[in-house]
Structure formats: C-alpha cells, structure tokens
Amino acid sequence: MSQARGLTPPIDELNAPFYEAARAGELQLMQCAKCERYLHPPRPMCPACHSTATRWQRMSGRGTIWSFVVPHPPLLPEFMDVAPYAVIAVTLAEHPALRLLGNLVSGPGGAINEIDPATIRIGEPVRVIFEPLTPEIHLPRWVRA
C-alpha cells in the first residue's frame, strides 16, 4: 500500500464508479449523457445543460504535465516523512480542460518523492497507473510516457 495512508478520500454514490474502475486499472470519468461534457469531479447535474443523465467514459490514461508544485514542510503529519515531493496537474489527451492531480513516479509502487522535481517539464507526456491506497481506493499516479 502507498505512503500517506492516513488520508483516504470518501467513496460515495457519485464517485464510486471512479474507484471501481481504478481498482480494475482503468481511468474513467463521468460524462453528461445529454451534452457530453465531462463532469470531473463527479456531480449530480451537468452545469452546462442541467441534465441529470450521466454515464462513465473510459479515458486513454494519456496526458501531459500542465503544472506542478513541490510541497515542503510544514505539512499534514501523513506527508512529513515523504516531503518534498511533486504534485502534478495532468491535462488528459481527451480534452484540454480535463485535468487530474497526482504524483509523478517511476513505476508501480514508486515513492511519491522519488522523482527529482528539477527534472519535471511542463508539457511532458505521461500516462496513468494506479496505486493502492487501501483495498478499496486506488489512486491515479503518473509515469513518464
């Protein structure tokens, strides 16, 4: 299981399909069934057309680094032992407005602080992998493509 295990996102009826797909190694996002706008994070109603009809769409898992930050102490206690580490914002290949946060790692099981932040470049291609945080929650992490 991953570092920083003390912080687990809650699973609810809106985001449960995201975590089910992640456990299966797939990146899926909610989409409005009427206007096809992606709804991330998941929400009960489309802000564009006000439809409540949704579906889950499989994403390619490919993207590019849009931005990143390097948190330094003081941090939440769960992250003190692994700081500093990079948190990247990834623009998904499917749409320029789709962005997910995560950590850049060298591969499955990689530590969130193993990549030197000085080597990270905006626009760098990445692909998603999933790291088990708990048996129910697998979080997206990113590796260089």
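Once you charge only the Cβ atoms, +1 for Lys and Arg and -1 for Asp and Glu, what is the size of the charge dipole of the chain about its Cα centre, to the nearest 20 debye?
On the way: 13 positive and 13 negative charges, 100 e Å.
Taking the Cα centre of the chain as origin, the dipole is about 480 debye.
When Leu27, Leu101 are ordered from fewest to most other Cβ atoms inside 10 Å of their Cβ, what list results?
Working: Leu27 22, Leu101 15.
Ranking Leu27, Leu101 by Cβ neighbours within 10 Å, fewest first, gives Leu101, Leu27.
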For the chain, list log₁₀ I(q)/I(0) at each q in 0.13, 0.22 Å⁻¹, using the Debye formula over Cα point scatterers of equal strength and ignoring solvent, two decimals each. -0.60, -1.41
Which residue, Glu26, Glu131, Glu13, tops the fluctuation ranking in a GNM of the chain built on C-alpha contacts under 10 Å? Glu13
Length released on extending from Thr52 to His72, taking residue separation times 0.36 nm less the Cα-Cα span: 3.1 nm
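Mind checking the full-extension length gain between Ser106 and Arg43? Use 0.36 nm per residue of separation minus the Cα-Cα distance, one decimal, nm.
Full extension from Ser106 to Arg43 adds 19.5 nm.
Could you state the per residue volume, in Å³, of the convex hull enclosing the Cα atoms of the range 23-97?
On the way: hull volume 10.6 nm³, N = 75.
Hull volume over Cα atoms, normalised by residue count, gives 141 Å³.
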Expressed in angstrom and rounded, the centroid-to-centroid distance over alpha carbons for the range 20-63 and the range 89-120 is 20 Å
Can you bin every Cα-Cα distance in the range 60-145 into 5 Å intervals starting at zero and give me the percent of pairs per bin, rounded to whole numbers? 3, 15, 25, 25, 19, 10, 3, 0
When a footprinting reagent is the concern and you count Cβ atoms within 10 Å, what order do Val70, Val82, Val105 take, fewest first? Val70, Val82, Val105
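Bear in mind that the values in this text are calculations on the coordinates, not laboratory data. Computed from a predicted structure; not experimentally measured. Here the Cβ is made from the backbone with ideal geometry for all residues, glycine too, and neighbour counts use every protein chain on show.
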